[in-house]
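> Structure below; questions to follow.
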């Protein structure tokens, strides 16, 4: 009888572990996308404000460390029952530091400054809702530049699709590719400079 009583608890623990494994860390993905996109676009990147240092001693110091102690106790307990620390945290960092990802980022940054930024400034290019670049008004490009810009857009879109796939694979979840793409698509718009064009969810062009 005692042997059977332990089964519901084990089942709950296994379910929790599986749920954590398939969880998509949206907040972490957003931060990673922001870091990547700002390095590609380059200028006007924002610097986060410095938080004031906590005062030493007193009730506030004790309260500050309380969540840390609670998390440590929770992780220690989960480790004892067989769930690893990485699973217990359930919020993996999204790495964008692999050689493949950084190589793509460097190509995109160089291409953006050399060939694409002027097209965004002129209103000829815009960010598509699927995380790609779209030639929205070729008439705003000088005739002599159109072939080169079209080629640069095609190259950049290949790199964009490759980086969305590479980020998912590098983080051990190829099935996250579409979610990574959606996060990056929103971040390109969020990081767009004033006056640049982008597509909304319905595909309508808007100017930031």
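> Counting only residues that are in a helix (DSSP H, G or I) and touching a strand residue (DSSP E or B) at 6+ places or on another chain (Cβ under 8 Å), how many does the stretch 176-208 have?
3
> If a residue has to be surrounded by 11 or more Cβ atoms within 10 Å (Cβ to Cβ) and at pLDDT 50 or above to count, how many in the stretch 11-26 make the cut?
Going through the stretch 11-26 one residue at a time, the tally reaches 5.
> Only residues that are touching a residue at least 24 places away in the same chain (Cβ under 8 Å) and under 13 Å from the mean Cα position of the chain (by Cα): list them for the stretch 93-114, please.
Across the stretch 93-114, the qualifying residues are 93, 94, 95, 96, 101.
> Would you mind stating whether residue 157 is surrounded by fewer than 18 Cβ atoms within 10 Å (Cβ to Cβ), at pLDDT 95 or above, under 22 Å from residue 126 (Cβ atoms) and touching a helix residue (DSSP H, G or I) at 6+ places or on another chain (Cβ under 9 Å)?
Considered against the rule, which asks whether it is surrounded by fewer than 18 Cβ atoms within 10 Å (Cβ to Cβ), at pLDDT 95 or above, under 22 Å from residue 126 (Cβ atoms) and touching a helix residue (DSSP H, G or I) at 6+ places or on another chain (Cβ under 9 Å), residue 157 comes out as no.
> Could you identify the single residue in 188, 205 that is touching a residue at least 24 places away in the same chain (Cβ under 8 Å), surrounded by 13 or more Cβ atoms within 10 Å (Cβ to Cβ) and either under 19 Å from the mean Cα position of the chain (by Cα) or more than 13 Å from residue 129 (Cβ to Cβ) (or both)?
Result of the check over 188, 205: 188.
> Moving on to the next point. Is it the case that some residue within the stretch 162-175 is assigned to a loop (DSSP other than H, G, I, E, B) and touching a strand residue (DSSP E or B) at 6+ places or on another chain (Cβ under 8 Å)?
no
> Also: When residues of the stretch 161-185 are filtered for being buried (at least 16 other Cβ atoms within 10 Å of the Cβ) and farther than 18 Å from residue 102 by Cβ, how many remain?
Number of matching residues: 8.
> Look at residue 147 and say whether it is out of contact with any helix residue (DSSP H, G or I) (no Cβ under 8 Å at 6 or more places or on another chain) and either crowded, with 19+ Cβ neighbours inside 10 Å or in a helix (DSSP H, G or I) (or both).
Yes.
The values are calculated or read from the model by the stated rules, or taken from the named source; none is laboratory data. Fair warning: this is a prediction, and the values are worked out from it, not measured in the lab. No Cβ is skipped: glycine too gets one built from the backbone with ideal geometry, and neighbour counts run over all protein chains shown.
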